[in-house]
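Enquirer: Please find one structure pasted underneath; my questions will follow.
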Amino acid sequence: MKKFRIEKEHQRMKISQYLREVQNYSGRSLRNVEVFLNGKQVRLTKKLPSHGNLRVVEKKKGTDIKPIKLPLDIIFEDEDILVVNKEPFLLTHPTQKKADFTLANGIVNHFLEKYGEVRVPRFYNRLDMNTSGLIIIAKNSFAQAFLQNFSIFEKKYLAIVNGIIDDKEIARINEELVKDGEKHKIQDLEKENLKPEIEKVNFGEMKKYDEMEKIENNLTIENEDSKISKSAGFTNKNKENDLDLEDQSSFGKENLKEDETKIVIERRIFRDGDNLERIIDERGQYAKTAIKVLKTYPEKNATLVECELFTGRTHQIRVHLKSIGHTIVGDELYGKGLNKELGINRQFLHAYKVKFTHPATKKEVELEIPMFADMKEFLEK
């Protein structure tokens, strides 16, 4: 339930228009709500008075996903958003082959225990079964629509890749990308449905007086900018596994200067028929990934990199890294596969950092978690 205080400047505006243009509801989400003006249920077509209170109640929506109690590593939670750290070897959502014991089953059970009712888990992002890290779940249609349509979202991953990416290799890769840049260059950004800049979004001036107080009491935010980061002190069972990547001195002589570590890949990704494997092809969707070298491990012939996604294509990081000749360690589809003797039991890809605009406060939330234990052990042993 959301509550809004009506201001004079929105007088005679239809409720549906007000919710879309001022409060950033989507047209689709409005199909599933009931609205009450000064305590009386009204139609979305009714015009607003000069003052008063508007209450928006989301109709209950069931789900066929079975609630199953699973251990959840909850990083952040309030009335609109839930963020969890997914372990590897766990499916995000049920499939035809596996309907139970997925992250979705655990989330539905968590909602049942917390609210006493079954709620739909609205995943904003998903991860491959063998990829670990942060997943964002919207708790209601309003939060889901806002994240999809208005929130500026940043996603960063840690990946261990095969081969050494040093200065010389970065130069080779960038030269190759320049040569085929025109071939894969996007011609019309608007056709790619890329997200608008945050400055272009009108979040409105009306305040959620009841909801804001609730959020301020629930958010575990350490500063006035509403940022949550690794320094915020949240508990995480993998915190001891952090390699302290922000401490540049910890890299020693192997560490590379930041201006020498950037690789930006803009190559279209295509799925040919029913093949699971994606390829680089002009027929595909535009995709952009930025790669930053963090540390090289010559004794393992491997490199630790940070990958930032600007688009969200299936297998994007895995396909882009393969296209520059550095597959992810443990990737069975695009790389050399597993090696249990070396402790490689899955693809070493971990979603460690997200940043998004909160749907209720309109403030920036930033979450960061340590590297997963198996990746750290591989690098250090």
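Taken together, the values in this text are just the output of simple stated rules run on the coordinates, not laboratory data. Note that the coordinates shown come from a computational prediction; the quantities given were computed from them, not determined experimentally. Reconstructed Cβ throughout: ideal geometry from the backbone, glycine too, with neighbour counts over all protein chains shown.
Enquirer: What distance in nm separates the simple spin-label points at residue 97 and residue 276, each placed 7 Å from Cα in the Cβ direction?
Expert: 0.5
Enquirer: Please give, to one decimal in nm, the separation of the simple spin-label points placed at residue 32 and residue 64, each 7 Å out from Cα toward the Cβ.
Expert: Modelled inter-label distance: 1.6 nm.
Enquirer: Right, here's the next one. Mind listing which GluC sites (Glu not before Pro) in the range 301-381 are in a DSSP loop and have 15 or fewer other Cβ atoms within 10 Å?
Expert: Passing both the DSSP loop test and the Cβ count: 332.
Enquirer: Moving on. What is the gain in length, in nm to one decimal, between residue 40 and residue 9 on full extension, counting 0.36 nm per residue of separation less the C-alpha to C-alpha distance?
Expert: Stretched fully, the residue 40-residue 9 segment lengthens by 9.0 nm.
Enquirer: For the range 75-150, with only Lys/Arg (+1) and Asp/Glu (-1) charged at the beta-carbon, what is the dipole magnitude about the Cα centre, in debye rounded to 20?
Expert: 300
Enquirer: I would also like to ask the following. Going through the cross-link list 86/155; 60/156; 86/362, which pairs have a Cα-Cα distance over 24 Å in this structure?
Expert: Among 86/155; 60/156; 86/362, the Cα-Cα distance tops 24 Å for 60/156; 86/362.
Enquirer: How big is the gap, in Å, between the Cα center of the range 74-102 and the Cα center of the range 27-69?
Expert: Value for the Cα centre distance between the two parts: 27 Å.
Enquirer: Separate question: Report the full-extension gain for the segment residue 73 to residue 114: residue separation times 0.36 nm, less the Cα-Cα distance, to one decimal in nm. Please report the intermediate quantities before stating the final value.
Expert: Numbers: separation 41, 0.36 × 41 = 14.76 nm, distance 1.53 nm.
Taking residue 73 through residue 114 to full extension adds about 13.2 nm, to one decimal.
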